[in-house]
Amino acid sequence: MFDKLLQNMPGIGDMFKQMNENLKEIKATGEAAAGMVRVTVNGAHEIENIEIDDEMLKVEEKDTLIKLIKGAHNVATKRVQEKSQEQALKMAGNLDPSQFKK
């Protein structure tokens, strides 16, 4: 069983390499304050874009805007994690389970 698994390791390694490359292509956006603050992140959890409605720039309290940005980022991060997991499951589904049997 483990012999076949070890023989297939290069294929599994290639699959993980491809998954990591694909992570930057996965994007998700989170919103706060009814869409007045939007943060877009990629699958590597890097912020791609921040959009702030002009009305929010008039907010007297900087702390409010900071909280909204954090909230939007957290929503976007959760969404991109879900999308990444879906892609990983799809890629894992392409593996041939018979290669791992005795």
Members of segment 8-66 found to be part of a loop (DSSP other than H, G, I, E, B) and of a type in the set (Asp, Glu), listed by number: Glu25, Glu46, Asp53, Glu60, Glu61
Of the residues that make up segment 42-61, is at least one in contact with a Gly (Cβ under 9 Å, 6 or more places away or on another chain), modelled with pLDDT under 90 and not polar (S, T, N, Q)? no
Which members of segment 30-61 meet the condition of being within 16 Å of Lys83 (Cβ to Cβ) and among the small types (Gly, Ala, Ser)? Gly30, Gly43, Ala44
Pair list, Cβ under 7 Å, 6 or more apart: segment 43-70 residue over 25 Å from Lys27 (Cα atoms), other residue in a strand (DSSP E or B): none
Name the one entry in Lys90, Lys70 that is part of a helix (DSSP H, G or I) and at pLDDT below 95. Lys90
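The values are calculated or read from the model by the stated rules, or taken from the named source; none is laboratory data. All figures in this text were calculated on a predicted structure; none of them were measured in a lab. Neighbour counts run over all protein chains shown; Cβ positions are idealised from the backbone, glycine included.
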